[in-house]
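The block underneath contains the structure these notes are about, expressed in structure tokens.
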Amino acid sequence: LGGKLSAALRKLQSTTVVDEEVVKAIITEITRALLESDVNIKVVMELKKNVEAKINRSEDASGASKKRLIQQAVMEELVAMLDPKTPPYQMKKGASNVIMFVGLQGSGKTTTIAKFAHYYQRKGWRVAMVCADTFRAGAFDQLKQNATKLRVPFYGSYTEADPVRIAEEGVEQFRKDRFEVIIVDTSGRHKQEDALFEEMREIQAAVQPDNCVFVMDATQGQAVADQARAFHEAVPVGSVVITKLDGHAKGGGAMSAVAATKSPITFLGSGEHFDDLEPFVASSFVSKMLGFGDFGSLLRELQDTNDPGMDPKKMMDRMTKGQFTLRDFYQQIQGVLKLGPLNKMMGGMMPGIPDTAQQKRFLYMMDSMRDDELDGKVDIAGNEKRVTRIARGSGTRVEEVQLLLRQHKAREKVVAQMGKSGMMNAATDPAM
Ligand code: GDP
Ligand code: MG
């Protein structure tokens, strides 16, 4: 989503006269970008209507404030679409909260359950897990392994084939033992689709969960809408978790899942480790989707790291002028590495920011560079001797150094474009 949509918004930024035609063209472009990013057509049409209505209501706005209005309206509309106006389920301390997880096989239920357990366990809740997936071979082992690592009690069976019975027995036992968060894992596949949803209905009826969580795989795009609807028809879904946002998922299915289940998104999964779970914040999700807010939040986070070796303000000044040296790239990577799980999400969404292992190798390479090289005063890429020296000095390969130089160039180009269009200012403005 990032690329196309921010291109549309960037165009908006560089236009000085905003007449009706420009407004129309821009809304059309935003509409197209959203459709290409897996956002459902009905959702997009609604957004279009609402943004247009907002713009029309402020006929008298001047060019500059009209631009701002469109940006704000798009942002607000997207955030509103992620808000079903239903509060998420509140865990009750001291009581048994039974949470049933549903979603297609492979969507990330079992992984999310482990993260979810870890999340509440760290906050001091008594957590237990029940494996009611008897369809997939190895499902119980997978849950058991996670539970053992987390030291969370679990319930399941290698021999019992009836998932309803396991769910009922497991939940009953953990309720009796006064566990506070009792998580029920379910199967996401069946020989027949009807049978899967029937099974979900039966488990739901048997354990009477306090909340049903629908797990959606962000990489699934539009297909998520139908899945969400089907699961919601079978069981009363009360919240949504989006997984696999660490990859290159477009995220547009999120709005559809919210619309189909009328439930809020509560967490985002951004990796395969227990720590890779983040509470959902609509505004930050949307600004990442739009592909420019991340810049502002990244810089704000960099400012918070208080690294004496870097001056984010100076860096920001240079970037506003469209300058972005290898030294800036170094500082940016260093900052990003400090961000932890967020880093991984942004890695997939920011052009030119590689994964953690690669980031570290890039730093080694830049450690082997001289000041004039870091400051962009001399050419490196065209000088074989320099490239070889840097590779040797950092224990890396010539091709990797070239990759670093290419990525820096790509990043420099983006910064130059953003600087020129005034996007940098919009990006650092917290109101955006
Ligand atoms: P289930 O069938 O719904 O229980 O799905 P699993 O939890 O078994 O996950 C299916 C696959 O997706 C596994 O290989 C997981 O490691 C992977 N997975 C789950 N969540 C994430 C995530 O947030 N990011 C990434 N990269 N992989 C994930
Ligand atoms: Mg599973």
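The values are calculated or read from the model by the stated rules, or taken from the named source; none is laboratory data. Nothing here was measured: the structure is a model prediction, and the numbers come from that model. All Cβ positions, even for glycine, are placed from backbone atoms using ideal geometry, and neighbour counts span all protein chains on display.
One residue stands out in region 162-183 among those that are assigned to a helix (DSSP H, G or I), within 16 Å of ligand 1 (Cβ to nearest atom) and in contact (Cβ under 8 Å) with a residue 40 or more places away in the chain: the one that is farthest from Glu199 (Cα to Cα), namely Ala167.
Looking at Met349, Met310, Met365, Met315, which one is buried (at least 18 other Cβ atoms within 10 Å of the Cβ), outside the structural domain of Thr243 (by TED's automatic domain parsing) and at pLDDT 90 or above?
Numbers: Met349 fails: at pLDDT 90 or above; Met310 fails: at pLDDT 90 or above; Met315 fails: at pLDDT 90 or above.
Going through Met349, Met310, Met365, Met315 in turn, the sole match is Met365.
Scanning region 237-286 for residues that are of a type in the set (S, T, N, Q) and either in contact with a strand residue (DSSP E or B) (Cβ under 9 Å, 6 or more places away or on another chain) or surrounded by 21 or more Cβ atoms within 10 Å (Cβ to Cβ) (or both) returns Ser239, Thr243, Ser256, Thr261, Ser263, Thr266, Ser270.
The single condition among (1) within 21 Å of Ala114 (Cβ to Cβ); (2) polar (S, T, N, Q); (3) away from ligand 1 (no atom under 12 Å from the Cβ) that Thr186 does not meet is (3).
Picking from residues in region 115-145 that are of a type in the set (Lys, Arg) and in contact with a strand residue (DSSP E or B) (Cβ under 8 Å, 6 or more places away or on another chain), the one that is nearest to ligand 1 (Cβ to nearest atom) is Lys115.
Among residues of region 130-150 that are closer than 17 Å to Gly108 by Cβ, those with a Cβ under 6 angstrom from a residue that is assigned to a helix (DSSP H, G or I) and within 11 Å of ligand 2 (Cβ to nearest atom), sequence gap 6+ or separate chain, pair up as Cys131/Phe140; Cys131/Leu143; Asp133/Ala139; Gln142/Thr110; Leu143/Thr110; Asn146/Ala114.
For Lys85, the stated conditions hold: it is at positive phi and at pLDDT 85 or above. When the test is whether a residue is within 16 Å of ligand 1 (Cβ to nearest atom) and not acidic (Asp, Glu), Lys85 does not pass it.
For region 242-277, a tally of residues being over 14 Å from the mean Cα position of the chain (by Cα) and within 16 Å of ligand 2 (Cβ to nearest atom) returns 1.
Quick one: would you say Leu34 is crowded, with 18+ Cβ neighbours inside 10 Å and modelled with pLDDT under 80? For Leu34, the condition - crowded, with 18+ Cβ neighbours inside 10 Å and modelled with pLDDT under 80 - is met. Of the numbered criteria (1) surrounded by 21 or more Cβ atoms within 10 Å (Cβ to Cβ); (2) free of Cβ contacts under 8 Å to residues at least 40 places away in the same chain, the one Gln227 fails is (2). Would you be able to say whether some residue in region 170-189 is away from ligand 2 (no atom under 16 Å from the Cβ), surrounded by 22 or more Cβ atoms within 10 Å (Cβ to Cβ) and within 28 Å of the chain's Cα centre (by Cα)? Yes, some residue in region 170-189 is away from ligand 2 (no atom under 16 Å from the Cβ), surrounded by 22 or more Cβ atoms within 10 Å (Cβ to Cβ) and within 28 Å of the chain's Cα centre (by Cα). The requirement of being surrounded by 15 or more Cβ atoms within 10 Å (Cβ to Cβ), among the aromatic types (Phe, Trp, Tyr) and away from ligand 2 (no atom under 15 Å from the Cβ) is not satisfied by Phe135.
Scanning region 241-255 for any residue that is in a helix (DSSP H, G or I), of a type outside the set (Phe, Trp, Tyr) and within 13 Å of ligand 1 (Cβ to nearest atom) turns up nothing. Among residues of region 93-118 that are closer than 18 Å to Ala218 by Cα, those with a beta-carbon under 6 Å from a residue that is in a helix (DSSP H, G or I) and of a type outside the set (A, V, I, L, M) at least six positions away or on a different chain give the pairs Phe101/Lys109; Val102/Phe231; Gly103/Lys109; Leu104/Gln227; Thr110/Gln142.
Highlighted here are the helices (runs of 4 or more DSSP H) found entirely within region 48-161 that include at least 1 residues which are more than 21 Å from Val240 (Cβ to Cβ) and not assigned by TED's automatic domain parsing to the domain that holds Ala205: 63-81.
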